[in-house]
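See structure below.
Just so you know, all these numbers are worked out from the coordinates, no wet-lab data involved. Being a predicted model, the structure only gives us computed values, none of them experimental. Here the Cβ positions follow ideal geometry from the backbone for every residue, glycine too, while neighbour counts run over all protein chains shown.
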Amino acid sequence: MNEKIKFTAIILGTLIIGFVIGFLTNGRLVKSRIDRMQSFYTEKGANRAFVHVLEPTPAQMEKIRPILQEHAVENRDLLFTYREDQEALFLHLEDELRPYLTDEQMEKLEELKHRWQGRFQGKGMMRGRGGPGHRGGRPGGGGPPFLE
C-alpha cells in the first residue's frame, strides 16, 4: 500500500509540474507574440525595430527619426483603413444575408458581429481600452488607441 501512495504522489506531482510549466510557457509565448505584433503596428515599436537593425549613429538618428515617424503614422492609418473596410464589408454581407436567414440565424449573426467588433473596441486583444461607443483613439473612429 505504501508503494501505491508513492506511485500516485509521483504521478500527481509530475502532472502538476507539467501543468505549471505549460501554463508559464504559454503565457510567455502569448506575450512575445503581442510584443512582436506591436512592434509592427506602433510608432515606437517600428522605430525600435529599425534602430535595432540599422544601428544608426547619433547624427544619422537625428536625420532619420522624422522619416521613421512619418512612415509609422502612414502604417497606422493603413491599419485603420483596413479595419474600417473590413467592418463595412461585414455590414454589407449582413444586409445581403438578412432576407434568407431565420430569426434564430439572425441572432447568431448578431452575436458574431458583436464578437468581431469587440476585437477592436475594448475586448479581446485590446481588452480594457474601449467600451460602449468607443471608436478607438482617432476622431471619426476605427482603431485601437494604443496606436495613437
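LEU97 versus HIS71, label points 7 Å from Cα toward the beta carbon: distance in nm? The modelled label-to-label distance comes out at 3.9 nm.
With a ≥ b ≥ c the root eigenvalues of the C-alpha gyration tensor of segment 1-41, is it rounded (a/c under 1.5), prolate (a/b larger than b/c) or oblate? It is prolate, given that a/c is not under 1.5 and a/b is the larger ratio. Put in order of Cβ neighbour count within 10 Å, fewest first, the listed residues ASP77, ASP95 become ASP95, ASP77.
Each residue of segment 82-97 was assigned a 3J(HN,Hα) from its phi angle through the Karplus curve 6.51 cos²θ - 1.76 cosθ + 1.60 (θ = phi - 60°); the sequence is 4, 5, 5, 5, 5, 5, 4, 5, 5, 5, 5, 4, 4, 4, 6, 7 Hz, with glycine and proline shown as x. Computed from the C-beta positions of ILE17 and GLU104, the FRET efficiency with R₀ = 30 Å rounds to 0.05. Listed values for segment 17-33 are Karplus-derived 3J(HN,Hα) couplings in whole Hz (6.51 cos²θ - 1.76 cosθ + 1.60, θ = phi - 60°), namely 4, x, 4, 5, 4, x, 4, 5, 5, 4, x, 5, 5, 4, 4, 5, 5, and x replaces Gly and Pro. The packing ranking of peptides 10-21, 64-75, highest mean first, is 64-75, 10-21, where packing means the average number of other beta carbon atoms within 10 angstrom of each residue.
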